[in-house]
């Protein structure tokens, strides 16, 4: 019952029978996860069950100015590298919610609430994979890049130094990514006039420093990242989702419990290292 109610929330849900294995397909369902406001919402994303080739950008290569009949230097062509093909092996991100059958019967909006909770959980896990990676995720993560700077302690000046290292074309839409512990330390630092260095921007719904927004992660594999998310990373998400209810579980059914399990399948890669600066 719960699964059917969830399916009604989306207009494009299809169920495909692959030799007895039922796969649910819905671009709208996947897009709802990507629309949750966090890091995953700002990277370039492609919803496809296939693969995507990344253009290997090299900022050291410049366009040539040539006269008539002159031949361009072929070595300066943009390269498509085999190791930049993403989407071959997608990792599964899954979570579930459960409730008593009585609550489901008494609630008119449980399906909507359950989907909202699931989407937020999956989006948080997805953001962590994009930033920190995971042993079960074979794609690249943002913190895979080599360190730009190394400092013993994260300071306000450290973040300024990262900005100086980034080209202006990427800096205009960049953000900082900080671990929660480091963020809390910096949030107490004040300027000479008594104002806090980090301020909350109510229009963005994010804290900011040096005029750039801050995304706070529970953990981070380095001291800080400065990233233009859209220019730096491409995410591939399958339109096929694993949507199940607890109805098949006899024990839970007899216990008066129902629920929903949802999984999405993702891969990703760095498309431009110049749009990422890392403080180790």
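The values are calculated or read from the model by the stated rules, or taken from the named source; none is laboratory data. Keep in mind that this is a model prediction, so the values were computed, not measured. Here Cβ is always computed from backbone atoms with ideal geometry, including for glycine, and neighbour counts include all displayed protein chains.
Restricting attention to segment 97-133, the residues being more than 16 Å from residue 261 (Cβ to Cβ), surrounded by fewer than 18 Cβ atoms within 10 Å (Cβ to Cβ) and in contact with a strand residue (DSSP E or B) (Cβ under 7 Å, 6 or more places away or on another chain) number 2.
For segment 3-35, give me each residue that is under 18 Å from residue 97 (Cα atoms), at pLDDT 90 or above and touching a helix residue (DSSP H, G or I) at 6+ places or on another chain (Cβ under 7 Å). Correct list: 9, 32, 33.
From the list 188, 218, 184, pick out the single residue that is touching a residue at least 40 places away in the same chain (Cβ under 8 Å), surrounded by fewer than 22 Cβ atoms within 10 Å (Cβ to Cβ) and not assigned by TED's automatic domain parsing to the domain that holds residue 91.
When all the criteria are applied, what remains is 218.
Residue under question is residue 193, and the condition is that it be within 19 Å of the chain's Cα centre (by Cα), outside any helix (DSSP H, G or I), surrounded by fewer than 16 Cβ atoms within 10 Å (Cβ to Cβ) and without any contact (Cβ under 8 Å) to a residue 60 or more places away in the chain; does it hold? Against the criterion (within 19 Å of the chain's Cα centre (by Cα), outside any helix (DSSP H, G or I), surrounded by fewer than 16 Cβ atoms within 10 Å (Cβ to Cβ) and without any contact (Cβ under 8 Å) to a residue 60 or more places away in the chain), residue 193 does not qualify.
Restricting 154, 126 to residues that are touching a helix residue (DSSP H, G or I) at 6+ places or on another chain (Cβ under 7 Å) and part of a loop (DSSP other than H, G, I, E, B) narrows the list to 154.
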